[in-house]
1. Tell me, what HN-Hα J-couplings in whole Hz come from the Karplus equation 6.51 cos²θ - 1.76 cosθ + 1.60 at θ = phi - 60° for each residue of the range 111-125, using x for Gly and Pro?
2. Taking only Cα atoms, what is the 0 to 90° angle, nearest 10, from helix 92-104's long axis to the longest principal axis of the chain?
3. Once the Cα atoms of helix 159-170 and of the chain are each reduced to a long axis, what angle between those two axes, in degrees from 0 to 90 to the nearest 10, is obtained?
4. Considering amide H positions built from the backbone, and no H for Pro or chain starts, which residues 5 or more places from Leu179, or on another chain, come under 5 Å of its amide H?
5. Using just the helices of the chain, give the 222 nm mean residue ellipticity in deg cm²/dmol: DSSP H runs with n ≥ 4 each add -39,500 (n - 2.57), and the total is spread over all residues, rounded to 500.
6. What residues have an amide H closer than 5 Å to that of Glu79, excluding those fewer than 5 places away on the same chain, when H is modeled at 1.01 Å from N in the peptide plane?
7. Got a sec to turn the phi values of the range 42-53 into Karplus ³J(HN,Hα) couplings, 6.51 cos²θ - 1.76 cosθ + 1.60 with θ = phi - 60°, whole Hz, x for Gly and Pro?
8. If I model a spin label at Glu186 and Asp144 as a point 7 Å from the Cα along the Cα→Cβ vector, what separation in nanometres do I get?
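The values are calculated or read from the model by the stated rules, or taken from the named source; none is laboratory data. What you see is a predicted model; the values in this text were computed from it and never measured. Because the Cβ atoms are built from the backbone with ideal geometry, glycine has one as well, and the counts that use them run over all protein chains shown. Areas reflect the complete protein model, heavy atoms only, side chains present, ligands, DNA and RNA absent. Shrake-Rupley method; radii C 1.70, N 1.55, O 1.52, S 1.80 Å.
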Amino acid sequence: MPVPLLPRIVPGMSAASCIGYTLRRSRYLNVTNRCTLRCSFCPKFNGSWSVQGYDLRLHDEPDAETLLAAAGNPSEYDEVVFCGFGEPTLRLYTVLEVGSELRRRGARVRLNTDGLANYVYGRDVTPDFEDSVDAVSISLNAQDAATYYRHCRPPTPGAFMALLDFTKHVREFVPDVTLTAIDGLEGVDISACQRLAGQLGVAFRRRVLHQVG
Ligand code: SF4
């Protein structure tokens, strides 16, 4: 298990915590500030916790009830996205519970993830997503392991392969899977990342360095 960057805190919300926020026509849920990775380009390591004016620093981790309340009325949004400055799958069972309930209420649910959940939990968790998530966006971030390690600083040398393996498995259970990479990071070959996504049979989306949200 990776060492969490921030301690797990008992649920119970502070008034200052931003749990739900809206970008364009999507509602985002801020699940945790903990991460498996320590990405060198992450704004939170440069002292910025802001996304489009929303301060995503959590003082407490929201429980399922709080997340559902923060999601609001799904009919007002194109989708509800588990995201924030942290890795949502570090709270896998809360994400599954909330995702299932949101889908029951008619939401399209997307998970933004580092793709390392199988590594973290020591089992293939991808079947768990079948009833809880409609789409998964996975941060590929690099076309090869060496470049990935340089920028994402994972806790284990096997992380890049674990990410690729997660991608292969999750496409069996989630209809919409996308790999993403950030254009502008030194050594990252966006075309090669796109080719890799094609080889894995999933979609690809290019992101741009320093553009968050
Ligand atoms: S996974 Fe995301 S939130 Fe976590 S360190 Fe990397 S960029 Fe930051």
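1. Whole-Hz 3J(HN,Hα) from phi for the range 111-125: 10, 9, 8, 7, x, 10, 5, 5, 5, 5, 8, x, 7, 7, 8.
2. Approximately 70 degrees, to the nearest ten.
3. Helix 159-170 sits at roughly 60 degrees to that axis.
4. Ile138, Ala203, Phe204, Arg205
5. Numbers: 6 runs with 57 residues, N = 213.
Helix contribution divided over all residues of the chain: -7500 deg cm²/dmol.
6. Arg27
7. Listing the rounded values in order: 5, x, 5, 7, 9, x, 10, 10, 9, 10, 6, x Hz.
8. 1.7
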